[in-house]
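> Starting off with a structure, shown below.
The values are calculated or read from the model by the stated rules, or taken from the named source; none is laboratory data. For clarity, every value in this text was computed on a predicted model and none was experimentally measured. Cβ sites come from the backbone with ideal geometry, for glycine too, and all protein chains shown count toward neighbours.
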Amino acid sequence: MEIPFIVNARKDTGLFNSKVGIWLFLASEVTLFGGLFSGYLFLRLYADYPWPERALPVLPGLINTFILIGSSVTVVFAWAALKMREWKKFQIYMWITLICALLFLGLKAVEYNAKFHHQGVRLSSEGSVQDFGYLEGHVHYGKLDENGKLIEVSKQEKKDNPEGVFSANKIIFKASELTFALKRPAHEAYVKEILKQAGDDHKITLVGDYRVPDEDELHAAGKNRAQLEASEAALVVADGADLSIDDLDDLEDAFLDARAHDKNIRTEFLRASWSWIRDEKGIDEISNLVITTDLWKERMAEDNAKIKDLMISAPGTVKYKIDPPLTLVWEPDDIPKLADTEIKLRDDTVIKGELQPSPMLLGVDAIDFRHTAMRAETEGIEPMDAIKQSWILTHENSKGENDLKKAWDCHQAWLAQLTKDLDEKNEEKGLEGEDRLVPTDNDKYRVNWDQMVAYKKLDFDVEAVAAAAADGSLKRSGLFDLSGFAGANHNNYEFPHVEIPRENVGFTSTFTPKWNTYYAIYFTITGLHGLHVIGGAIVLGYYLFFGRKMYDSNPEWLANRVEVGGLFWHFVDLVWIFLFPILYLM
Amino acid sequence: MSADSHDHHDDHHHELPFWKKYLFSTDHKTIGIQYGLAAGAFLLFGFFLMIVMRWSIAYPHEPLPGYLSWIFTDGWKGRWLDDGKVTGDTYNMFGAMHGTIMVFLGVVPLGFAAFGNYVTPLQIGAPDMAFPKLNMASFWVYLAGGIVMCMSFFMESGAAKSGWTNYSPLAGYADRQIVNQLLAGQTQWLIGLVLLITSSLLGSVNFITTIIQLRAKGLTWMRLPFFVWAMLVTGFLLLLAFPPLEAAGIMQLMDRMVGSSFFMPTGLYSAADDVALDISGSGSPLLFQHLFWFLGHPEVYVLLLPAIACVAEIIPCNTRKPLWGYKPMVWGVIVLGFLSFIVWAHHMYLTGMGPVISTFFQTTTVLISVPSVILLTSLIISLWGGSIRFTMPMIWAAAFLPMFGIGGLTGLPLAFNLADLHLHDTYYVIGHFHYVVAPGILFGLFAGVYHWYPKMTGRFMDNFLGHLHFWPSLVCMNLLFFPMLTQGMAGFHRRWYNGGEGYIEKASDGVNVFGQTVADNISLNEVMTGAAIALAVFQIPFLLNMFISYFWGKKVTSDNPWNATTLEWATPTPPGHGNFTFDIAVYRGPYEYSRPDHDKDYFPQWEEPKRSNPVEEPSEKPEKESTEA
Amino acid sequence: MADSVEEIKKAKKLYLIIFGALLVGTALTVAVATFPALDVGGHGFDGKDAVLGLIIASVKASLVMLIFMHLNHEKPLIYFFYGLGIVMAFFCMWLIGWSKSDPIQYGNSEKADGFYNPEKPTTNVHGHD
């Protein structure tokens, strides 16, 4: 059996099979990216926060665009070479295409990596508009001193002695008691983390025996429940046993078995009662009305009395005490609920103790008040008034200083100059009303990392900044500034440093999809596009490395395949042509 | 079937090992049967879930009876049943999975993939699908998706619980307590869905390419059987409507796995933990609904068209006259396919989209009833004046017509957004679409099974068991779904796990009118539950029939046992690898029954005309003969 | 389709020209977005910049489609498939976008003229009380 029209075109359609297939597939890809772009459009048009315009460094995207366009040309040249039966040339062009794909992905990885290490924080101060100030930067390293207090560690110190060092965005909690919920399996990674942090110095031991009487003996006549529980066979884990994952598994199994047993017994009794009331008493109302009758209630009371002795009733939680109390360092993400004396992990394990100061140590490269301004305007407050009251501008560090306030003042000086320049232009061109050039919200309410660098260079001296802005020597990072290739570079520049108390951290995330819907759609679309690049490269690579045999036997077939693979590659390029301006330049 | 296939095709291929022949086969017929068996198994499982739910609705305070609960382990019952009774959580889980399984894992694979795979290449005279390996891949990806979805029943989180529509923010928040999100039922649902969509995309590319490229000589567009047309349109629906849902699925996966806020609005608050959710917000639940229903509505036609296609093949064959209005039906199905893309938001009248856009979608929704009615009316008129053979497939096909009619007509009030304000999310909606899907689509597919079974196995299905399957099923279906319409108009909400009995107590104060209405209609719950259980019992004859007839059924005496005209009956029975034993060419339209100028009452497409003309190349003439006879 | 050796040789020249055009287009998009002197519309990013950027992108995309993907001489069936995809994607974007800008729901009083508008107390728009 042979499928027709694999190599040669069908007469009435003029096409070979795989070409029809690939174009159908591309049509479906159009709707796939159509769906994603609909998402982008919808999220952007109806965002209830200031959409980050032109937020990404342009250069990597620009280079990637060149790379993809170049590879699009080489892939079509590779196809042309095959058509002319020039195998060597085909190989060369295909190699270039694959190298382009690798370069593209490598650059993408650099961009992603920069974002994964860039932290954003939305401040929080008791529910007023000044909540919505944002700081961006890199989290510094810290470790616990002998009293369990957080101290900062420099990069060099971390390199010399990495032990116990973590990035300083953690919950620090002095724990004295753990309670595991047995109805949910304790998460192994959490238990291991606790054991690791406890080391040998802290004993974590079970409080009280966990005992479960044997179910068969419980049902046998004449045995007394208290006796059974006291017997050796009933002991699952003894009082004072050290915490271990094996023990927790045993406890959990014992509890789940006991619960299943109890429920089975109750089910049997309930079934018997229903057939009793329906068959013997002849009551055939709908069940809700039946269970409100006195007859049913009496029966239930009888049942409960009988059931009581047959139940195992194993306790649903176990308690471990920690001696001496242990200072745990915990990821904020794993704690859905935080209180001064108690934290709950995502596996419902409750840790009791004392919350320690858990500030975030941040090297700040950008300040953003756009959201504050937006909220203030909707509430009828003058934006600048709200901004002035924000924690960012009012806090003081241990030395009584506030670098961010200084940076902000410098920014005002720069802004004044910009407004003046624009006004001059307005005069010059005679622009009036809505056509007038005015500073954007980005200019007004955001100190970008390159501005921060410029102000810092002038030691946050307002006069100097004003002077530099006036004579044009205050340079912002240009398109080709390699020091900020993938965003603010904390190795090259020194940025102001703040310690944000935990209660002032409203929402924080690295610049991953979690940070806001812009980064969410950015990562989703570019990630999906990246997967397409990988897929396309695999297919093209297959033709390059394993195509020789087919070239010798049926070169036209191989040319067809390369054409089809090339069509997909062009489509990937096509998507990027739209992605680049939409995500990087708008 | 293997032995027979080798008789015809010994020269073509050597004996394949078992795993290659039955498991990882690239033969479209084997894959079709694999799809059919897998989809059948999923349908039975989905049906079982439904019976458990119906038990909970009718008898919320009674433990599940032994014949339903024996399947669960003690540990599972301990976690998910409350002293043997179905809890709200469990009901939600079963409800969500019932819908998902029936739509994505049951009916679509059975109608489009199983019948489409088996019959389409045969009907167009092709040796196989255009991309046989891709075809195999679609099946295995589908199966993987199904297994991933259903695995979550055994996990800590249980299976997905947020409805088959998986609306955010509910679906974005559910199972957040699970530390490893990959093991949460709600996440697995999404992963399964992405796999299923991938499978459907591969499948639809394959189908469309096959139909366009591999038609036999002389099989012009207007000589295609209606079945093939329906499959072509269905293929396009899957191809273009599924990707936006894939996008939505990926976005929701991001919401769950990395904490993004695509569909999570600002200000969400968890009552369980008494804290604000740790998300950025500014997402839009409405966006998810849009992207979901952009697929969701075409999906309805993906379910429906294969069933109509089967019926459209069976009716001409058993009335012994051409399909009435073949051309209008073809254009109808094309228009239907196109319009189905722009009606989706009629599922969303109550989301606060605003009246202008609602009016737009109301208009398109009413418009789409025109092609639907063309299809159904043509099928009904096809019966007129025919000498109908009431064979087993014909009985099912005949029952399909009124049942689908009820389903379609009850949809009209839902299309109007004023009426929908009252009926939205009530049992009326459930009754409406179950009439379409269960006694409608499933009857059509049953008809297909009875019709093509002889071609697949070389034996007829047993008539007695067939009747024992059909008549009780017809009665039970109506007893099951008609009361839903009544209850729905009385305002019964579709997601009450206890059948609404909580409202009855309030009825006694004489003020609560709604409570009184509920009290008046609640006894219907027991009728429906009884009917559902009976319906399950009467599927047993069908399962027996499939099995018994395979070994002991009456053998077919010719390759064309129904005296039909389309190309699948030109193959050996059952068809071997490569399908046709001679060079197939087509000389006329698909439904040439009872032609006065021909000696037999059917004139197959592949039979050479008497005058021994060469193959008639694409031209207008034969079409006219075939369709307007 | 460029099938003969002659045609392919000719086509290769065209591919190089298009390559150049695409590079220029890319440089142009970045230039109008980065250099204040080339900024269209108001100072900084605004609707006009978005439109300009999308126009340049569309031109580039058309070049890729027409020349590299050979859509300048393709079979009708291909136009049908691809066109259908684009039409459906357009429906998806357009209707989804529209659903949030409903003139009545979202109080755009200019468009909502003649309908009920919650921001403007209406008087007897439909001619009856």
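> Do you know which residues across region A:270-296 are more than 7 Å from chain B (Cβ to nearest Cβ) and either in a loop (DSSP other than H, G, I, E, B) or among the aromatic types (Phe, Trp, Tyr) (or both)?
If the condition is that a residue be more than 7 Å from chain B (Cβ to nearest Cβ) and either in a loop (DSSP other than H, G, I, E, B) or among the aromatic types (Phe, Trp, Tyr) (or both), then A:Trp276, A:Lys281, A:Gly282, A:Ile283, A:Asp284, A:Glu285, A:Thr292, A:Thr293, A:Trp296 are the ones that fit.
> Ok, one more. Filter region A:509-539 down to the residues that are among the hydroxyl-bearing types (Ser, Thr, Tyr), touching a Lys or Arg at 6+ places or on another chain (Cβ under 8 Å) and either more than 10 Å from every other protein chain (Cβ to nearest Cβ) or surrounded by fewer than 22 Cβ atoms within 10 Å (Cβ to Cβ) (or both) and list them by number.
Within region A:509-539, A:Thr510, A:Thr512, A:Thr526 meet the criteria.
> In region B:234-263, which residue that is facing chain A (nearest Cβ under 7 Å) and outside any helix (DSSP H, G or I) is surrounded by the fewest Cβ atoms within 10 Å (Cβ to Cβ)?
B:Val258
> Still on this structure, I have one more. May I ask you to verify whether C:Gly41 is surrounded by 14 or more Cβ atoms within 10 Å (Cβ to Cβ), of a type outside the set (Val, Ile, Thr) and more than 7 Å from chain A (Cβ to nearest Cβ)? Talk me through it step by step, then tell me what you get.
On the way: surrounded by 14 or more Cβ atoms within 10 Å (Cβ to Cβ): yes; of a type outside the set (Val, Ile, Thr): yes; more than 7 Å from chain A (Cβ to nearest Cβ): yes.
When the stated conditions are applied, C:Gly41 passes them.
> From the list B:Gly46, B:Gly40, which one is more than 14 Å from chain A (Cβ to nearest Cβ), crowded, with 20+ Cβ neighbours inside 10 Å and in contact (Cβ under 8 Å) with a residue 60 or more places away in the chain? Walk me through it before giving the result.
Working: B:Gly40 fails: crowded, with 20+ Cβ neighbours inside 10 Å.
Unique residue meeting the criteria: B:Gly46.
> For the list (1) closer than 27 Å to C:Leu71 by Cβ; (2) without any contact (Cβ under 8 Å) to a residue 60 or more places away in the chain, I need the number of the one condition that A:Phe25 fails.
The one condition A:Phe25 does not meet is (2).
> Can I ask one more? Return the residues of region A:38-53 that are buried (at least 23 other Cβ atoms within 10 Å of the Cβ) and free of Cβ contacts under 8 Å to residues at least 24 places away in the same chain; say none if nothing qualifies.
Hits for region A:38-53 are A:Ser38, A:Phe42.
> Out of curiosity, is A:Ile351 within 27 Å of A:Ile172 (Cα to Cα), surrounded by 14 or more Cβ atoms within 10 Å (Cβ to Cβ) and out of contact with any Asp or Glu (no Cβ under 8 Å at 6 or more places or on another chain)? Quick ask: steps written out before the conclusion?
Details: within 27 Å of A:Ile172 (Cα to Cα): yes; surrounded by 14 or more Cβ atoms within 10 Å (Cβ to Cβ): yes; out of contact with any Asp or Glu (no Cβ under 8 Å at 6 or more places or on another chain): no.
It is false that A:Ile351 is within 27 Å of A:Ile172 (Cα to Cα), surrounded by 14 or more Cβ atoms within 10 Å (Cβ to Cβ) and out of contact with any Asp or Glu (no Cβ under 8 Å at 6 or more places or on another chain).
> Kindly provide the set of residues from region C:48-73 that are more than 9 Å from chain A (Cβ to nearest Cβ) and without any contact (Cβ under 8 Å) to a residue 12 or more places away in the chain, ordered by number.
Once the filter is applied, which keeps residues that are more than 9 Å from chain A (Cβ to nearest Cβ) and without any contact (Cβ under 8 Å) to a residue 12 or more places away in the chain, region C:48-73 yields C:Lys48, C:Val51, C:Ile55, C:Ser62, C:Leu66, C:Leu71, C:Asn72.
> Further, regarding this structure: Is it the case, given these coordinates, that A:Glu434 is farther than 30 Å from A:Lys108 by Cβ, within 14 Å of chain B (Cβ to nearest Cβ) and of a type outside the set (Val, Ile, Thr)? Write out each step before concluding.
Numbers: farther than 30 Å from A:Lys108 by Cβ: yes; within 14 Å of chain B (Cβ to nearest Cβ): no; of a type outside the set (Val, Ile, Thr): yes.
So A:Glu434 fails the test.
> Here is a further query. Quick check on region A:146-159. Is at least one of its residues crowded, with 22+ Cβ neighbours inside 10 Å, part of a loop (DSSP other than H, G, I, E, B) and in contact (Cβ under 8 Å) with a residue 40 or more places away in the chain?
No, region A:146-159 has no match at all.
> Select, from B:Tyr67, B:Tyr59, B:Tyr35, the only residue that is closer than 23 Å to B:Met546 by Cα and either surrounded by fewer than 22 Cβ atoms within 10 Å (Cβ to Cβ) or not basic (Lys, Arg) (or both). Even if it seems obvious, please write down each step before you answer.
Working: B:Tyr67 fails: closer than 23 Å to B:Met546 by Cα; B:Tyr59 fails: closer than 23 Å to B:Met546 by Cα.
Within the list B:Tyr67, B:Tyr59, B:Tyr35, the selection yields B:Tyr35.
> So is A:Ala101 at pLDDT 95 or above and closer than 27 Å to C:Ile86 by Cβ or not? Before the answer, list the steps.
Working: at pLDDT 95 or above: yes; closer than 27 Å to C:Ile86 by Cβ: yes.
For A:Ala101, the condition - at pLDDT 95 or above and closer than 27 Å to C:Ile86 by Cβ - is met.
> Can you pull out the residues in region B:237-250 that are in contact with a helix residue (DSSP H, G or I) (Cβ under 6 Å, 6 or more places away or on another chain) and not charged (D, E, K, R)?
First pass over region B:237-250, keeping only residues in contact with a helix residue (DSSP H, G or I) (Cβ under 6 Å, 6 or more places away or on another chain): B:237-249.
Of everything in region B:237-250, those that are in contact with a helix residue (DSSP H, G or I) (Cβ under 6 Å, 6 or more places away or on another chain) and not charged (D, E, K, R) turn out to be B:Leu237, B:Leu238, B:Leu239, B:Leu240, B:Ala241, B:Phe242, B:Pro243, B:Pro244, B:Leu245, B:Ala247, B:Ala248, B:Gly249.
> Give region A:31-85 a look and list any residue that's among the polar types (S, T, N, Q) and at the interface with chain C (Cβ under 9 Å from one of its Cβ atoms), or say none. Steps first, please.
Taking region A:31-85 and keeping what is among the polar types (S, T, N, Q), we get A:31, A:38, A:64-65, A:71-72, A:74.
Selection gives A:Thr31, A:Ser38, A:Thr65, A:Ser72.
> Check every one of the helices (runs of 4 or more DSSP H) wholly within region B:279-384 and list those with 3 or more residues that are touching a Pro at 6+ places or on another chain (Cβ under 6 Å).
Details: elements: B:285-319, B:326-339, B:355-383.
Where helices (runs of 4 or more DSSP H) fall fully within region B:279-384 and carry at least 3 residues being touching a Pro at 6+ places or on another chain (Cβ under 6 Å), they are B:285-319, B:326-339.
> Continuing with the same structure: Which of the helices (runs of 4 or more DSSP H) found entirely inside region B:398-485 contain at least 3 residues meeting this: under 21 Å from the mean Cα position of the chain (by Cα) and closer than 23 Å to B:Ile33 by Cα?
B:443-457
> Out of B:Gly337, B:Gly332, report the one residue that is buried (at least 19 other Cβ atoms within 10 Å of the Cβ), in contact (Cβ under 8 Å) with a residue 12 or more places away in the chain, within 14 Å of chain C (Cβ to nearest Cβ) and under 30 Å from B:Tyr593 (Cβ atoms).
Values: B:Gly332 fails: within 14 Å of chain C (Cβ to nearest Cβ).
Step by step, each of B:Gly337, B:Gly332 is checked, and only B:Gly337 is buried (at least 19 other Cβ atoms within 10 Å of the Cβ), in contact (Cβ under 8 Å) with a residue 12 or more places away in the chain, within 14 Å of chain C (Cβ to nearest Cβ) and under 30 Å from B:Tyr593 (Cβ atoms).
> Being modelled with pLDDT of 95 or more, out of contact with any strand residue (DSSP E or B) (no Cβ under 6 Å at 6 or more places or on another chain) and either outside any helix (DSSP H, G or I) or within 14 Å of chain A (Cβ to nearest Cβ) (or both): is that true of B:Ser200 here?
Judged against the criteria, B:Ser200 is a match.
> Could we say that A:Asp347 is in contact with a strand residue (DSSP E or B) (Cβ under 8 Å, 6 or more places away or on another chain), within 12 Å of chain B (Cβ to nearest Cβ) and not in a helix (DSSP H, G or I) here? Give the steps one after another, and end with the answer.
Details: in contact with a strand residue (DSSP E or B) (Cβ under 8 Å, 6 or more places away or on another chain): yes; within 12 Å of chain B (Cβ to nearest Cβ): yes; not in a helix (DSSP H, G or I): yes.
Here the answer is yes, as A:Asp347 does meet what is asked.
> Against the definition (out of contact with any Leu (no Cβ under 7 Å at 6 or more places or on another chain) and surrounded by fewer than 24 Cβ atoms within 10 Å (Cβ to Cβ)), how does B:Asp274 come out, yes or no? Steps first, please.
Details: out of contact with any Leu (no Cβ under 7 Å at 6 or more places or on another chain): yes; surrounded by fewer than 24 Cβ atoms within 10 Å (Cβ to Cβ): yes.
Judged against the criteria, B:Asp274 is a match.
> Can B:Ile368 be described as more than 18 Å from C:Trp98 (Cβ to Cβ) and surrounded by fewer than 17 Cβ atoms within 10 Å (Cβ to Cβ)?
Numbers: more than 18 Å from C:Trp98 (Cβ to Cβ): yes; surrounded by fewer than 17 Cβ atoms within 10 Å (Cβ to Cβ): no.
Criteria not met by B:Ile368.
> Give the residue that is farthest from the other protein chains (Cβ to nearest Cβ), with candidates limited to residues of region C:9-31 that are among the β-branched types (Val, Ile, Thr) and surrounded by 18 or more Cβ atoms within 10 Å (Cβ to Cβ).
The qualifying residue farthest from the other protein chains (Cβ to nearest Cβ) is C:Ile18.
> OK, next. Among A:Leu24, A:Leu123, A:Leu56, which is farther than 19 Å from A:Met586 by Cβ, buried (at least 20 other Cβ atoms within 10 Å of the Cβ), in contact with a helix residue (DSSP H, G or I) (Cβ under 6 Å, 6 or more places away or on another chain) and at pLDDT below 95? Explain how you work it out, then say what you get.
Values: A:Leu24 fails: at pLDDT below 95; A:Leu56 fails: farther than 19 Å from A:Met586 by Cβ.
Selected residue: A:Leu123, the only one of A:Leu24, A:Leu123, A:Leu56 that is farther than 19 Å from A:Met586 by Cβ, buried (at least 20 other Cβ atoms within 10 Å of the Cβ), in contact with a helix residue (DSSP H, G or I) (Cβ under 6 Å, 6 or more places away or on another chain) and at pLDDT below 95.
> Which of (1) of a type outside the set (D, E, K, R); (2) more than 27 Å from A:Ser390 (Cα to Cα); (3) in contact with a helix residue (DSSP H, G or I) (Cβ under 6 Å, 6 or more places away or on another chain) is the odd one out, the single condition A:Gln91 does not satisfy?
With (1) of a type outside the set (D, E, K, R); (2) more than 27 Å from A:Ser390 (Cα to Cα); (3) in contact with a helix residue (DSSP H, G or I) (Cβ under 6 Å, 6 or more places away or on another chain) applied to A:Gln91, the lone miss is (3).
> Report those helices (runs of 4 or more DSSP H) wholly inside region B:495-558 carrying at least 3 residues which are touching a residue at least 12 places away in the same chain (Cβ under 8 Å) and either in contact with a Gly (Cβ under 9 Å, 6 or more places away or on another chain) or among the hydrophobic types (A, V, I, L, M, F, W, C) (or both).
Working: elements: B:504-507, B:513-521, B:524-537, B:540-552.
So the answer is B:513-521, B:524-537, B:540-552.
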